[in-house]
1. Relative to the longest principal Cα axis of the chain, at what angle does helix 243-260 sit, 0 to 90 degrees, rounded to 10?
2. Does the stretch 83-202 come out rounded, prolate or oblate, given a ≥ b ≥ c as the square roots of the eigenvalues of its C-alpha gyration tensor, rounded meaning a/c under 1.5 and, failing that, prolate meaning a/b above b/c?
3. Could you grab the relative contact order for the chain? Cα pairs under 8 Å, six or more apart, rounded to a whole percent.
4. What is the calculated FRET efficiency for Leu130 to Ile265, with r their C-beta to C-beta distance and R₀ = 35 Å, to the nearest 0.05?
5. Taking θ as phi - 60°, what are the ³J(HN,Hα) couplings along the stretch 138-152 by the Karplus curve (6.51, -1.76, 1.60), each to the nearest whole Hz, with x for Gly and Pro?
6. Counting Lys and Arg as +1 and Asp and Glu as -1, what is the net charge of the other residues whose Cβ lies under 13 Å from the Cβ of Ile265?
7. Consider all pairwise Cα distances in the stretch 145-199 and report the whole-number % of them above 19 Å.
8. How many angstrom lie between the C-alpha centres of the stretch 265-285 and the stretch 92-128?
Amino acid sequence: MKKYLIVLPLLIFSTILHAKGGAEHREDMQKVYPFAAEECKPAFDLYELVNAYLDYPNYDLNCKDNSKQRKRCEKPKFLNDDPFKNTIWENHRIWYHWGFSQDPKKFKPLQNKVKQNIDEGKLKDEDVDLFWEQLKKIHSKRNLQLMTISKDFLGYQNQNISQLSEAQRKQVGGFVAILYDIHILGDWMTEKTDVIADVNYIYRDIYTSIEDIAGYKEGSASNNNKIAVRKIKKVLQQHENSPSEFLEALATDFTPFLLSLDGGIYNYKKKFAAIGYKPKDKRYW
């Protein structure tokens, strides 16, 4: 009996310390969204691209064959050149793990690392503005790539992002932002959480994305709004004390919420069936 009392805590501790790999992040996404795993290749590819965006700072989302690029790269490419080549950063999580919608300049862990590089003489004060300018440029480019991929997945291949209505842009952004947040929630279950977005920020971002996916409008009495605000948010808010429990609740409740929506662009059941995506349960569509 004593043997098990010793081993069990060690097993729990090792689970907490374990860093999630791409396959595990993808499995989390598959549990939340309604699509079949490898049988629905467009969804599988979307999950892979979102995870690559977060874990490989130099990963080219537009490249058709990135197999040779899937090497761990700890920082964006512009930092390899003057005046930044001597700077030192945290592991890859310091990049892009601030949340899909957050301005990286407001990301406290990154602010602290910039200050540390200045204090250690690795970054000059006069080069800080250039750093934020370059980062903003690459961040905007990569976010646009994710939005474009999400747009195409939702059936808007014949329209540019600029041609989408405000409702469609919110829908597209919300759809990919939740995948993005699922990845960060997974990282919150590991030991290295000091360089990723605050978990409460991620919860709020998910709630905003849920509203955008449902076409929520303040004061509206539509059925979609009732579902988005009163039901799923109420369920999720009960689990904010634990990222793992929150993710489990999302895995249980997000797909029923998504497929219960109706009206125009928000009838996801009809949309996914028309596109030809394979569901993980035949009863879905």
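1. Helix 243-260 and the main axis of the chain meet at about 40 degrees.
2. Cα axes put the stretch 83-202 in the oblate bin.
3. 24
4. 0.30
5. Karplus values, whole Hz, x for Gly and Pro: 6, 5, 5, 5, 6, 5, 5, 5, 5, 4, 5, 5, 5, 4, 5.
6. Its environment carries a net charge of +3.
7. Distances greater than 19 Å cover 39 percent of the Cα pairs.
8. 41
The values are calculated or read from the model by the stated rules, or taken from the named source; none is laboratory data. None of these values were measured; they are calculated from a predicted model. No Cβ is skipped: glycine too gets one built from the backbone with ideal geometry, and neighbour counts run over all protein chains shown. Heads up: the accessible areas ignore ligands, DNA and RNA and are worked out on the full protein's heavy atoms, side chains in. Shrake-Rupley method; radii C 1.70, N 1.55, O 1.52, S 1.80 Å.
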